[in-house]
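The structure under discussion appears below in the form of structure tokens.
The values are calculated or read from the model by the stated rules, or taken from the named source; none is laboratory data. Not measured: the values here are computed from a predicted model. Glycine also receives a Cβ, built like all others from the backbone with ideal geometry; neighbour counts cover every protein chain displayed. Heavy atoms of the whole protein, side chains included, go into the accessibility calculation; ligands, DNA and RNA do not. Shrake-Rupley method; radii C 1.70, N 1.55, O 1.52, S 1.80 Å.
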Amino acid sequence: MTIPRVVATDAGLALLDEIRRDHGDVMFVQSGGCCDGSSPMCYKAGEYIVGSRDIHLGDVAGAPVWISQSLFEIWRNSQMILDAGKGFGAGFSLDTGRGKCFLSKSRLFTEAENAQLAP
């Protein structure tokens with residue numbers, strides 16, 4: 001069994017469902033800082049150009065989640081948990097203006113889980 005590098009909470013999945021009703025298929029890009037802080041950014045599928053050095057962490061309810069290679073090196077031993085809470089979203093993310101936003105949380109993999117991770 002392979003341990004997923006990204007999972008979602010019930011709140012994260014509920015916000016994802018709400019956004020899909022308005023926009024259709026979406027994708028996530030984990031921001032590495034700067035203007036958008038470190039928020040998971042939600043875009044309509046295909047509206048963010050994935051670079052050759054971006055890494056596909058996995059999918060959340062069918063929505064792909066991408067992260068830059070440099071940020072992946074920092075998160076390599078952690079599972080990303082896509083959550084949602086009160087807030088205003090960031091930048092051009094589709095959660096902006098809803099009174100709630102996506103949040104990135106993480107937890108360290110155990111040694112046993114590290115052994116099961118896909119390369």
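Shown in residue order for segment 55-68 are the 3J(HN,Hα) couplings computed by the Karplus curve 6.51 cos²θ - 1.76 cosθ + 1.60 at θ = phi - 60°: 10, 7, 6, x, 10, 10, 6, x, 8, x, 10, 10, 8, 5 Hz (x for Gly and Pro).
Take every DSSP beta bridge whose two residues both sit in the chain; close to 75 percent of them are antiparallel.
Each peptide in 79-87, 20-28 receives the mean, over its residues, of other Cβ atoms within 10 Å, and ordering these scores from highest gives 79-87, 20-28. Loop-located chymotrypsin sites (Phe, Trp or Tyr not before Pro) in segment 54-115 (DSSP state other than H, G, I, E, B) with a sparse environment of at most 13 neighbouring Cβ atoms within 10 Å: F88, F92.
Ordering L57, L15, V26 by Cα displacement along the dipole of segment 10-86 toward the positive end leaves L57 in first place; charges were set at the Cβ atoms of Lys, Arg (+1) and Asp, Glu (-1). Given the options V60, V50, V29, state which has the largest fluctuation in a GNM of the chain using a 10 Å cut-off (strictly under) for Cα springs. Most flexible of the set in this elastic network: V50. Per residue, segment 45-101 exposes 56 Å² of solvent-accessible protein surface, assessed with a 1.4 angstrom probe and all protein chains in place. What is the percent carbon and sulfur in the accessible area of the chain, measuring with a 1.4 Å probe over the protein chains and ignoring ligands? On the chain, the fraction of accessible area on carbon and sulfur atoms equals 55 percent.
Report the residue, chosen from A90, A11, A61, that carries the largest GNM mean-square fluctuation when the chain is represented by alpha-carbon nodes joined by springs under 10 Å. Per the Cα network of the chain with a 10 Å cutoff, A61 tops the list. Taking GluC sites (Glu not before Pro) across segment 1-74, the ones in a DSSP loop with at most 13 further Cβ atoms lying within 10 angstrom of their Cβ are E47. Diffusion coefficient of the chain by Stokes-Einstein, Kirkwood radius over Cα pairs, 37 °C, 0.692 mPa s: 227 µm²/s. The charge dipole of segment 1-113, taken about its Cα centre with unit charges on the Cβ atoms of Lys, Arg (+1), Asp and Glu (-1) only, comes to about 160 debye. Helix 10-23 and the longest principal axis of the C-alpha atoms of the chain enclose an angle of approximately 50°.
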